[in-house]
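> Structure incoming, see below.
The values are calculated or read from the model by the stated rules, or taken from the named source; none is laboratory data. Everything numeric in this text was worked out from a predicted model, so none of it was measured. We place every Cβ from the backbone using ideal geometry, glycine too, and count neighbours over all the protein chains shown.
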Amino acid sequence: MAKVPVQFTLNGSEKAEFIESGTTLLHALRDKIGDTSPKGGCHQGTCGACSVIIDGELRLSCLTLAETCDGADIRTTAGLAEGGVLHPLQRAFLDAFATQCGFCTPGMIMAAKALLDRTPNPSREEVVEALSGNICRCTGYEPIIQAVLTAARADSQNAA
Amino acid sequence: MAIRRGRGVAAINYPTGMNLGGDPTQALVHSTPTGNFMVTLSSVDLGQGMKQIMAQICAETIGVPTDRVIIDTADTDTGPHCMGTFASRGTHRAGNAVIQAAKEARQVMLEVAAEELEVNASDLETDGQGNILVKGAPQKSISIFDVALSAHFKRGRSISGRGMFLIPRSYPEKETGAMKPSTCYAHACTVAEVEVDDETGEVTVLSVKNVFEIGRALNPKMVEQQLVGGSWMGISHALYETTEPYYPNRDHGGTDFNQYLMPGPGDLAETEIIVLERPSADGPFGAKGPGEMCANPQIPAVANAVFDAVGVRIDTLPITPERILRALKAQAAG
Amino acid sequence: MELRKDYFADVRKDGLHEIGQPRPRLDSPGHVTGKTAYFADRILPGMLHLKMVRSPHHHARIRSIDTSEAEKHPGVVKVLTAKDVPHNVYTILILIQIGPEDETVLADGKVRWKGEAVAAVLAETERAAQEAAAKVKVDYEVLPAVFDMEEALKPGAPLVNEYHGQNYYLYDSGECRKVRFGDVDAGFAEADHILEQTYQSSPIEHAPTETTGCVVAPEGNDRFTCYTNTQAMFFTLDNASIILQMPGSKLHFVGGTVGGGFGGKVDVIVEPIAILAAKLTGRPVSFIYSREEEMQISSPRAAEKVVIKDGVMKDGRIVARKVTGYTDAGAYSRHSPYGAQKGAAHYPGPYTIPNVWIDTYCVYTNRTPSSAMRGFGVTIGDFALEVQMDKLARLIGMDPLEFRFINAYRDGDMKAHRQPTEGAALIECMQEASRAANWPVADKYMAMSSYRKGA
């Protein structure tokens, strides 16, 4: 199988890999680069556990070919905490007891981050809309919605 | 054609632990040289929070803060046997094993402290903050940190304990079914309020008010997690879920999350949770297993609410719009 | 959430240091940073990928299996069939003496449900394994299948599973687990009304976000480490030991951090074959269910049929209850004989009824084997019981909540399985629900207690 070179930035670090043509970004991140924070819950774009942010846009890494990410800026949950300090979303998920098994959590946090980057003060409806591509089987969603709303409020207070 | 409102109630109980017992769990507890406590198990955390709860149970029993307990679980090279995480058994069975192991370790810890303080072990108590005090004379005390150091380097004592919990297996009597299924039961009552669109058959669950009796809320925030998530699953079971929509016909089974339906974050019922605690005689600090039963009462409560709303009984799960419409049609046809 | 401490305060000691405190979860920081290690995060060098060849038929004889084309497919390392499995016919509850062994790891001569594992393909990549699986040629002779429990129990129905010899599980009590208490016929004779109703459910999937799977690594010393999301470590290890005829000392299971289970990860399906593959190839092996496999191949919650016949008095007392429960096990037992038996222990629900008759059947059909799920043996029964309670209340013109108070079990009441009730709290739950939902009931019900006088 032909291998193609791919270079991108992952959470601020330069990465360069030769990957098989047709490899998904999810596989490239997990198997080649060792960032296992995106999870493979369905490999068919229906669960959201693999969500990452590519050039500021929320993407499903299981449906994104790695070779299309050449030159991209890719962000995952593994890179969210800076200098050991949790991002407000991470803090809010902890405080709201919004994780149970935790498997959906990295994808949920990425979906929420994409929302807050674009809409710092979202309504509940906007949070619901933003999370609607992410499946959670444990929590019943409400704690996650509350965590995102709390993080948004914390962020806007910090900005004020 | 109209949106019709109805409400329904259901009340249930649920056994804690494997039916008929016979499901052992073991635990080992030991102190590190500086008085932290390692709990070794082979129990599995599915997301319900087994690790955290075992840490709190060990901490309470030993008399240290929870952050001084480390949980090492589910490595079969180190952890003693646990039957597994199912049947609402984890907290009850493993919790009892951890208490027994921690009590044994605590006794050694108090004996070492007694030697250091030159008193009787039975005269000592813990303050929950990591210190051992003489009862009635709290100025005479020693830290658990120092006790563990002494045990390790001076007195050659292992501050450790073994725990095992087993409810003996019950065998049903063949003809009468006389048996002992469980030693304690959790309870619940749910009132569901729904709207049914009698034109589309669509059901919206407006609210569920759930009362759960669970013996003891060992960690109330984690209990809440479990009960809120369970209540969601119950509603989901009532209205949406099946792998075989035309059972017993095997066709049309969903193969992904687009075809296998569950309520999303935009479909949530207003959910109220009230918890009562009647401690069980043999539960760890009275706890029963809340993890399964919390998803049960919503199903019949929703079914009864649908009847209350539109006057048709859907006795087949899930209660889909198609089934409601067919029932309404049959009702109209008399 | 509201913790109502006023109930049962007399029997509870509060004020503990750690118990009852809302301490943060020690595992959550790992979850929110993506650092928590699930089994599939063990990505091992040289790992092979396992894909199953599955039956397209509900019931068929296998005339032959030809793996030669698949073995030639680029990247394929090995193809396993039934002959490679040391103890191919097994059943997981054999560990608690519930037999007979009735299921094959890989189909041997016959398939009994659509999706049953026939051959395991091991390849360098998932894609190669998938492509090669399509090249395994299986010659099937399709047999008549039965999907309906009533049909399956009729004489002359196709036999689903020869290891049982009939389409139901044979308990020591016969074709069903039985509970007999009082005299139901006398109860029905005395009743003002009799209501018999049938309830039905369809299979339900656990749908954990993390699919079932494991990663196995040879340790190089004849031992194998299995990273798994099983819900039961030693249960899985010990069953793998039987299936592989390998001493338990050769097996090392690591798990305990699972992306949701709900009962779906106690079936011991992926681990034995993956360990065997690692042993026969000397390489690490990954076997992870696809979402489609999780949905249609992994055991669902059983479909159940519940027939309830009640005798009720005008004053609200239920005087007789007869329940016949049917659990659709699918083609193999797995945990279903246990689940059906648990149902027998659960009926007639949390009510005190003087005359009770329970029969619960575990029935085999040509569908995906069902197994444990959250509320196993009880969830569907509770649906049936509590809808029936609603119907009974309306039948006698009584408020459904008040009707439940009249029949609720209390401390000391004898249950149908002949255990006295202890620690009841149904009445208090209903009282609190009455308040919370603004569903008033008569004062006499609000004054009731689960405690018995003098108890």
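> Go through (1) of a type in the set (Asp, Glu); (2) crowded, with 24+ Cβ neighbours inside 10 Å; (3) more than 27 Å from B:Met18 (Cβ to Cβ) one by one and return the number of the condition C:Glu271 breaks.
(3)
> One residue is enough: does segment A:124-131 have a residue meeting the conditions part of a loop (DSSP other than H, G, I, E, B), under 25 Å from A:Lys39 (Cα atoms) and out of contact with any strand residue (DSSP E or B) (no Cβ under 8 Å at 6 or more places or on another chain)?
Checking segment A:124-131: not a single residue is part of a loop (DSSP other than H, G, I, E, B), under 25 Å from A:Lys39 (Cα atoms) and out of contact with any strand residue (DSSP E or B) (no Cβ under 8 Å at 6 or more places or on another chain).
> Out of all the residues in segment C:389-402, is one or more at the interface with chain B (Cβ under 9 Å from one of its Cβ atoms), touching a Lys or Arg at 6+ places or on another chain (Cβ under 6 Å) and assigned to a loop (DSSP other than H, G, I, E, B)?
no
> Taking the condition of being touching a residue at least 60 places away in the same chain (Cβ under 8 Å), within 8 Å of another protein chain (Cβ to nearest Cβ) and buried (at least 22 other Cβ atoms within 10 Å of the Cβ), how many residues in segment B:239-273 meet it?
Within segment B:239-273, residues that are touching a residue at least 60 places away in the same chain (Cβ under 8 Å), within 8 Å of another protein chain (Cβ to nearest Cβ) and buried (at least 22 other Cβ atoms within 10 Å of the Cβ) number 2.
> If you don't mind, there's one more thing I want to ask. Given B:Gln48, B:Gln52, which one is surrounded by fewer than 24 Cβ atoms within 10 Å (Cβ to Cβ), under 23 Å from B:Ala217 (Cα atoms), touching a residue at least 60 places away in the same chain (Cβ under 8 Å) and within 14 Å of chain A (Cβ to nearest Cβ)?
Step by step, each of B:Gln48, B:Gln52 is checked, and only B:Gln52 is surrounded by fewer than 24 Cβ atoms within 10 Å (Cβ to Cβ), under 23 Å from B:Ala217 (Cα atoms), touching a residue at least 60 places away in the same chain (Cβ under 8 Å) and within 14 Å of chain A (Cβ to nearest Cβ).
> Something else about it: Filter segment B:289-312 down to the residues that are farther than 17 Å from B:Ala186 by Cα and either out of contact with any Phe, Trp or Tyr (no Cβ under 6 Å at 6 or more places or on another chain) or more than 7 Å from chain C (Cβ to nearest Cβ) (or both) and list them by number.
Residues satisfying the conditions are B:Ala301, B:Val302, B:Ala303, B:Asn304, B:Ala305, B:Val306, B:Phe307, B:Asp308, B:Ala309, B:Val310, B:Gly311, B:Val312.
> Looking at C:Asp390 and the list (1) surrounded by 23 or more Cβ atoms within 10 Å (Cβ to Cβ); (2) charged (D, E, K, R); (3) at pLDDT below 95, which single condition is not satisfied?
Unmet condition: (3).
> Of the conditions (1) more than 30 Å from the chain's Cα centre (by Cα); (2) without any contact (Cβ under 8 Å) to a residue 60 or more places away in the chain, C:Ile396 clears all except one; give me its number.
Only one criterion is unmet by C:Ile396, namely (2).
> Out of the residues in segment C:252-266 that are in a strand (DSSP E or B) and crowded, with 24+ Cβ neighbours inside 10 Å, state the one that is nearest to the other protein chains (Cβ to nearest Cβ).
C:Phe253
> To continue, here is another question. Any chance you could count how many residues in segment C:229-251 are outside any loop (DSSP other than H, G, I, E, B), more than 10 Å from chain B (Cβ to nearest Cβ) and not hydroxyl-bearing (Ser, Thr, Tyr)?
Within segment C:229-251, residues that are outside any loop (DSSP other than H, G, I, E, B), more than 10 Å from chain B (Cβ to nearest Cβ) and not hydroxyl-bearing (Ser, Thr, Tyr) number 6.
> Can you tell me which residue in segment B:28-45 is nearest to B:Ala295 (Cα to Cα), limited to those that are within 18 Å of the chain's Cα centre (by Cα) and away from chain A (no Cβ under 14 Å)?
Residue satisfying both the conditions and the ranking: B:Ser43.
> Can you tell me which of C:Val77, C:Val105, C:Val111 is buried (at least 18 other Cβ atoms within 10 Å of the Cβ) and more than 25 Å from C:Ser241 (Cβ to Cβ)?
C:Val111
> I'm trying to understand the selection: among the residues of segment A:59-83, which are within 11 Å of chain C (Cβ to nearest Cβ) and either among the aromatic types (Phe, Trp, Tyr) or closer than 23 Å to A:Ala152 by Cβ (or both)?
Listed by number, the residues that qualify are A:Thr76, A:Thr77, A:Ala78, A:Gly79, A:Leu80, A:Ala81.
> Report those strands (runs of 3 or more DSSP E) wholly inside segment B:129-212 carrying at least 3 residues which are acidic (Asp, Glu) and touching a residue at least 60 places away in the same chain (Cβ under 8 Å).
B:185-197
> Among the residues that make up segment B:7-19, is at least one of them assigned to a strand (DSSP E or B), within 8 Å of chain C (Cβ to nearest Cβ) and β-branched (Val, Ile, Thr)?
There is at least one residue in segment B:7-19 that is assigned to a strand (DSSP E or B), within 8 Å of chain C (Cβ to nearest Cβ) and β-branched (Val, Ile, Thr).
> Another one. Applying the selection to segment C:333-373, what residues are among the polar types (S, T, N, Q) and under 15 Å from the mean Cα position of the chain (by Cα)?
If the condition is that a residue be among the polar types (S, T, N, Q) and under 15 Å from the mean Cα position of the chain (by Cα), then C:Ser333, C:Ser336, C:Gln341, C:Thr368, C:Ser370, C:Ser371 are the ones that fit.
Residue by residue, here is whether (1) in a loop (DSSP other than H, G, I, E, B); (2) in contact with an Asp or Glu (Cβ under 8 Å, 6 or more places away or on another chain) holds:
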| site | (1), (2) |
| --- | --- |
| C:Lys5 | yes, yes |
| C:His17 | yes, yes |
| C:Gln21 | yes, no |
| C:Gly30 | no, no |
| C:Ala70 | no, no |
| C:Ile94 | no, yes |
| C:Pro100 | yes, no |
| C:Leu106 | yes, yes |
| C:Lys114 | yes, no |
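> Also, quick follow-up: Which condition from (1) on the phi < 0 side of the Ramachandran plot; (2) within 14 Å of chain B (Cβ to nearest Cβ); (3) crowded, with 18+ Cβ neighbours inside 10 Å is the one that C:Ala207 breaks?
(1)
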